[in-house]
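Student: Before I ask anything, let me first share the structure, which is written out below as structure tokens.
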Amino acid sequence: MGAWLLVAPAVLLAGGRSANQPPSSQQDVRAPQPSQVQPPPTYTLSPQRRAQAIAYSRIRYSLYFLGTLLALGVYALLWRSGTSVAFRNWAVRCSPRLFVQCIIFVPLFAAAMTLLLLPFDFYSSYMLEHRFGLSTQGLASWFGDWGKGLAIVAALGVIVAWVFFTVVRRSPRRWWFYFWLASVPLVLAYILIEPYAIDPLFYHFTPLQKTQPALVERIEAMMAHAGISVPPDRIFEMDASSRTREVDAYVTGLGASKRVVVWDTTLKKMAPDEILLVLGHETGHYALYHIPKEFALDEAVALLFFLFGFFVVNWLVRKSGPRFQVEGPQDLASLPLLLIALTVMVFLSAPIVNGISRYYEHQADQFGLEVAYGVVPDPNASEIQAFQILGDEDLADPDPNPFIRFWLYTHPPLDERIRFASTYKPWAEGKPMELLPKPR
């Protein structure tokens, strides 16, 4: 939702005997040797696929840091070149009303920013994906999505910018707090309307009950096991194969717009039990209240961002505003300065935010195993296989650098997730479930 204004993640080859397989009669069952103990499963790729996954991941990591620098460079260019001032002057000449000025200024600024970043975006989301065989999207479709994205940013950005600059002009000293208050309903509204108004612009959604009625019944049974009610008409298949070969599933929306979405690539490449484990993970985010928790965290971080932006923008305006004709934070032309401050804050806060996200994702993995128990015959094996397919299809890094894991990873590395899935079996040890809601 106007994110650019507020600033813009196969068969398991275990080999040998499983850990719980009885030993041979010729072996000493009383004192097994260490070599007889089978290690837990790991994320395994063929040598060629492993090399591809490492190469792809390394490029992705570099693009993340490069993209941050490029974004800062683009904002600085639009500020120091006088481009944002020129857009501001055009808008002011057209109308004295702020809302009309935003209708003129924001699309111009968004178009300039997006065009300057187009070569980077084209390489990172089109050329690179085709190079590694992950994308199925044609050039015309990619540019169509690019144009839709620009239109969405411009349209939503007008609303956000109008609210922001209205607040700044009415409260020059406390705008950072009042805009933060205003951002809460704006973000909630976006989460509510996204499944209805945004997602269908890019993908086609078909009720899963029409194509996979048996799977829907099992999904409903698992959801009920978690204490979550999702009507069958809110479980959808998404035609992700029109753009990618990767696999995924997710839960989205809020209240009346809440829905479960399974990618058609996932339906083709995973067995029903594996799909249920993937959805069990997503169900965990709702059952464990990760959505409101992360929303509260995001808003708390946003408050700090806006406070930091308040001081940085005022300092930049005092230092160089007159030279570049930026009159103050209330000036539309100050937008690049705010974006510079927020981009730096988003970058520096990534390790903290992502660390919390990894904790929630680990909880969701655990919840998925618990909620699938009794619905899926062997939830551990199904989750391991689901992770293996996910990593193989998406070219997940088999051995991420500790720094990269700390700074960038929103989920635990796949090898770590597979090891946990192979060992977490409270039902086999006579222990209670830790996360699944207790029946009333």
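Student: Counting only residues that are in contact with a Phe, Trp or Tyr (Cβ under 9 Å, 6 or more places away or on another chain) and not in a helix (DSSP H, G or I), which one in the range 372-398 is farthest from residue 51 (Cα to Cα)?
Tutor: Among those that are in contact with a Phe, Trp or Tyr (Cβ under 9 Å, 6 or more places away or on another chain) and not in a helix (DSSP H, G or I), it is 374.
Student: Can I ask one more? Tally up the residues in the range 219-241 that are in a helix (DSSP H, G or I) and modelled with pLDDT of 90 or more, please.
Tutor: 2
Student: Being in a helix (DSSP H, G or I) and over 19 Å from residue 43 (Cβ atoms) is the requirement here; does residue 354 meet it?
Tutor: yes
Student: Now a separate question. Can you tell which of 304, 337, 316, 332 is more than 30 Å from residue 366 (Cα to Cα), in contact with a Cys (Cβ under 8 Å, 6 or more places away or on another chain) and not aromatic (Phe, Trp, Tyr)?
Tutor: 332
Student: Where the second residue is surrounded by 14 or more Cβ atoms within 10 Å (Cβ to Cβ) and the first is closer than 17 Å to residue 410 by Cα and lies in the range 52-76, which pairs have Cβ atoms under 6 Å and are six or more apart or on separate chains?
Tutor: So the pair list comes out as 57/397; 61/404; 63/124.
Residue by residue, here is whether (1) open to solvent by 20 Å² or more (accessible area, probe 1.4 Å); (2) of a type in the set (D, E, K, R); (3) not in a strand (DSSP E or B) holds:
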| position | (1), (2), (3) |
| --- | --- |
| 251 | yes, no, no |
| 279 | no, no, yes |
| 282 | yes, yes, yes |
| 294 | yes, yes, yes |
| 300 | yes, no, yes |
| 310 | yes, no, yes |
| 335 | no, no, yes |
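Student: Against the definition (at pLDDT 95 or above, among the aliphatic types (A, V, I, L, M) and either open to solvent by 10 Å² or more (accessible area, probe 1.4 Å) or touching a Leu at 6+ places or on another chain (Cβ under 9 Å) (or both)), how does residue 348 come out, yes or no?
Tutor: No; evaluated as a whole, the condition is false for this residue.
Student: I'd like to know if the range 298-306 contains one or more residues that are within 19 Å of the chain's Cα centre (by Cα), modelled with pLDDT under 90 and of a type in the set (Phe, Trp, Tyr).
Tutor: no
Student: How do the pairs read when you match residues in the range 203-230 that are under 25 Å from residue 288 (Cα atoms) and of a type in the set (Phe, Trp, Tyr) with residues anywhere that are part of a loop (DSSP other than H, G, I, E, B) and open to solvent by less than 70 Å² (accessible area, probe 1.4 Å), using Cβ under 9 Å and keeping only pairs 6 or more apart or on different chains?
Tutor: none
Student: List pairs: first residue in the range 295-315 and under 19 Å from residue 337 (Cβ atoms), second residue surrounded by fewer than 16 Cβ atoms within 10 Å (Cβ to Cβ) and of a type in the set (S, T, N, Q) anywhere in the structure, Cβ distance under 9 angstrom, at least six positions apart or on different chains.
Tutor: 304/349; 305/349
Student: Next question, about the same structure. Scan (1) open to solvent by 40 Å² or more (accessible area, probe 1.4 Å); (2) at pLDDT 95 or above; (3) in a helix (DSSP H, G or I) for the single condition residue 363 breaks and write down its number.
Tutor: Exception for residue 363: condition (1).
Student: Only one residue in 186, 150, 192 is over 27 Å from residue 363 (Cα atoms), among the aliphatic types (A, V, I, L, M) and touching a Ser or Thr at 6+ places or on another chain (Cβ under 6 Å). Which one?
Tutor: Result: 150 is the single residue among 186, 150, 192 that is over 27 Å from residue 363 (Cα atoms), among the aliphatic types (A, V, I, L, M) and touching a Ser or Thr at 6+ places or on another chain (Cβ under 6 Å).
Student: Does residue 247 satisfy being closer than 27 Å to residue 380 by Cα, in a loop (DSSP other than H, G, I, E, B), within 18 Å of the chain's Cα centre (by Cα) and among the β-branched types (Val, Ile, Thr)?
Tutor: The answer is yes for residue 247.
Student: In the range 91-113, how many residues are among the small types (Gly, Ala, Ser), part of a helix (DSSP H, G or I) and surrounded by fewer than 16 Cβ atoms within 10 Å (Cβ to Cβ)?
Tutor: Residues flagged as among the small types (Gly, Ala, Ser), part of a helix (DSSP H, G or I) and surrounded by fewer than 16 Cβ atoms within 10 Å (Cβ to Cβ) within the range 91-113 amount to 1.
Student: Quick test for you: out of 187, 216, pick the one residue that is touching a Leu at 6+ places or on another chain (Cβ under 7 Å) and either buried (at least 19 other Cβ atoms within 10 Å of the Cβ) or at negative phi (or both).
Tutor: Of 187, 216, the one residue that is touching a Leu at 6+ places or on another chain (Cβ under 7 Å) and either buried (at least 19 other Cβ atoms within 10 Å of the Cβ) or at negative phi (or both) is 216.
Student: Residue by residue through the range 261-277, note down the ones that are closer than 20 Å to residue 367 by Cα, hydrophobic (A, V, I, L, M, F, W, C) and open to solvent by 40 Å² or more (accessible area, probe 1.4 Å).
Tutor: 271
Student: Select, from 203, 196, the only residue that is open to solvent by 40 Å² or more (accessible area, probe 1.4 Å) and either in a loop (DSSP other than H, G, I, E, B) or modelled with pLDDT of 95 or more (or both).
Tutor: Only one candidate qualifies: 203.
Student: Does residue 327 count as surrounded by fewer than 19 Cβ atoms within 10 Å (Cβ to Cβ), under 18 Å from the mean Cα position of the chain (by Cα) and either closer than 30 Å to residue 99 by Cβ or among the hydroxyl-bearing types (Ser, Thr, Tyr) (or both)?
Tutor: no
Student: From the set of residues in the range 75-100 that are more than 16 Å from residue 325 (Cβ to Cβ) and of a type outside the set (Val, Ile, Thr), which is nearest to the chain's Cα centre (by Cα)?
Tutor: Applying the filter and picking the extreme gives 75.
The values are calculated or read from the model by the stated rules, or taken from the named source; none is laboratory data. Please read these numbers as outputs of a predicted model, since none were measured by experiment. We place every Cβ from the backbone using ideal geometry, glycine too, and count neighbours over all the protein chains shown. All accessible areas refer to the heavy atoms of the entire protein, side chains included, with ligands and DNA or RNA removed. Shrake-Rupley method; radii C 1.70, N 1.55, O 1.52, S 1.80 Å.
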